[in-house]
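Worksheet: the structure to be examined is printed underneath.
The values are calculated or read from the model by the stated rules, or taken from the named source; none is laboratory data. Please read these numbers as outputs of a predicted model, since none were measured by experiment. Here the Cβ positions follow ideal geometry from the backbone for every residue, glycine too, while neighbour counts run over all protein chains shown. Side chains included, ligands, DNA and RNA excluded: accessible areas come from the protein's heavy atoms. Shrake-Rupley method; radii C 1.70, N 1.55, O 1.52, S 1.80 Å.
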Amino acid sequence: PHDWSDDSAWLGRCTPPDRWRSTNHLCGPGYWVWLIPLASGAHSVGIVCDAATHPLDGMNRFDKTLAWLHKHQPRLAQALDGAEPMDFAFFRNFSYGCAQVFSPQRWALTGEAGLFLDPFYSPGSEFIAISYAYIAELITKDRAGDPVDAHVGVYESLYFSFYESTMAMYRGQYD
């Protein structure tokens, strides 16, 4: 990171030897780029953007993504020049909802199998924790022989309400 900036205050914050292990976000108008170090030693690099500002057909292949990075994040693009991707994926509409996440028939969806909001705002862990709490409560009631049907509906309504109100805060925020 020391060759990415001459900002002494920023460089001072990057001096701990393990700082590179942190997830970093590079932000610009209408987009952000994540840099996530992986246990393998590789890094996950991803772009999330407002398609109205950054047309998605300009980054739907690795060569196009690299060209986009050269324009918007040239230091990162230079670091990636000559690198072969281990994997490349392209997703539209990455945030999604679900019709049902809890069932009286003893199944539930949580994590990315259930509801997923915007990765930049990182509510994923909170939503997983909330769903786990509801699922644990449903299992506890079921094991005690208590009917869970009414609880399933209440927990699901609360969970979906939280999802919708949180999503409403994120819409239109990329600029």
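Figures for the structure shown
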quantity	calculated
Every residue from the stretch 46-96 that is among the charged types (D, E, K, R) and either surrounded by 14 or more Cβ atoms within 10 Å (Cβ to Cβ) or touching a Phe, Trp or Tyr at 6+ places or on another chain (Cβ under 7 Å) (or both)	Asp50, Lys64, Arg75
Residues being among the charged types (D, E, K, R), within 13 Å of Pro104 (Cα to Cα) and either open to solvent by 80 Å² or more (accessible area, probe 1.4 Å) or free of Cβ contacts under 8 Å to residues at least 40 places away in the same chain (or both) - total across the stretch 124-175	6
Condition check for Ser5: open to solvent by 70 Å² or more (accessible area, probe 1.4 Å), assigned to a loop (DSSP other than H, G, I, E, B), out of contact with any Ser or Thr (no Cβ under 8 Å at 6 or more places or on another chain) and polar (S, T, N, Q)	no
Test: residue in the stretch 76-98 that is free of Cβ contacts under 8 Å to residues at least 24 places away in the same chain, at positive phi and over 17 Å from the mean Cα position of the chain (by Cα)	yes
The one condition in (1) assigned to a loop (DSSP other than H, G, I, E, B); (2) open to solvent by 60 Å² or more (accessible area, probe 1.4 Å); (3) within 21 Å of Tyr170 (Cα to Cα); (4) not β-branched (Val, Ile, Thr) that Gln100 fails to fulfil	(3)
